[in-house]
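Take a look at the structure set out below.
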């Protein structure tokens, strides 16, 4: 009896190496991020001379190269000097102070059991092993705004910064977030000790996206299976999504696999459009669950009425929430909800305090309501 995988043998080859389209892939070159790379290199160059690195906050919309740039620079740093080693922690997956401290302590060479060890005990172990470390750890906290509880991130950073000050330990922290106002909401003691360098990542333009996708496609696909028109369509769609290169790269992978499945020999525009349709219809639940507490409250207010002005929503938020929110932070959160395609937020003119937006839900109301049941 033939093995069920044997029937794939005769398929037309589409990929040279699809790994170039994987989310975790760090390319040998990062187009259109030279300035951001140079800024990071300047922050971590002291490590190569035995000095202390600068803490950094990378912020900007999804898919603008924040994580890729951090990985790229740290890979280069570790290749250049044995004085540095890095650990990358995704705070959406590990969202508690306990779990993150345990991961860092394990990384430093002191194994921590998954269960039965208190947070204070882990902290003491980390402090002890850090003093003996022969390298400078660089700790990347990706999606730091996704940490559980409003004070959890401040507590974690306070722990790390306290070790740095008390033990004279040298290590660097890279915070990565879509929320540019994240650091402004940290505890005052943390903000004064963090002294971070802020590096902004702006959305890619359509032309920049064409360059990025064209380069990835060149390495990922067999010559001639994907044309310039398909790359242009992918770039245009990603530009509409706020310059999100990650979405476009994922679409290339899905479109290529669909073409391979159909034995078509070509990744057409139709395959790409089908891939984007699949990506764009990602479950609302995943998006809502990724929001922080303040964003969920704002979303619930918007859901409560068919359409309302941004000023009204801000006023209701201030009445409902115990946690104050600056107007700048509020605007940022409205932008994030709009970029996630959960709400419509067109500008309708000038209000008393600046530009006013008309806010309404962009997806079925019931789909959002059932995932906001835990918000008061």
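Here are the numbers for this structure:
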read-out	value
Cα gyration tensor shape for region 33-200, rounded if a/c is under 1.5, else prolate or oblate	oblate
Overall form of the chain per C-alpha gyration tensor (a/c, 1.5; a/b vs b/c)	oblate
Gained length - residue 264 relative to residue 229, 0.36 nm times residue gap less alpha-carbon distance	10.9 nm
For region 209-278, the spread of Cα positions along each principal axis, largest first, Å	33, 24, 17
Counting DSSP beta bridges with both ends in the chain, the antiparallel % (nearest 5)	30 percent
Selected from 94, 19, 319 as most flexible by GNM, with the chain as the system and alpha-carbon contacts under 10 Å	319
Rounded, prolate or oblate (a/c below 1.5 giving rounded, otherwise prolate when a/b exceeds b/c) for region 90-158 by Cα gyration tensor	prolate
Residues of region 16-53 with amide N under 11 Å of a point placed 7 Å along Cα→Cβ from residue 80	38-49
Taking 218, 152 and counting other C-beta atoms within 10 Å, the order from fewest to most	218, 152
Residue-averaged [θ]222 nm for the chain, counting only DSSP H segments that reach four residues, each worth -39500 (n - 2.57)	-14500 deg cm²/dmol
Surface/4 of the Cα convex hull for region 167-256, nm²	8.6 nm²
273, 115 arranged by Cβ crowding within 10 Å, fewest neighbours leading	115, 273
Order of 16, 210, 365 under a 10 Å beta carbon neighbour criterion, fewest first	365, 16, 210
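We did not get these values from a lab; they are worked out from the coordinates using the rules stated. Small disclaimer: the values here were computed from a predicted structure and weren't measured. Counting neighbours? That spans all protein chains shown, and the Cβs are built from the backbone with ideal geometry, glycine included.
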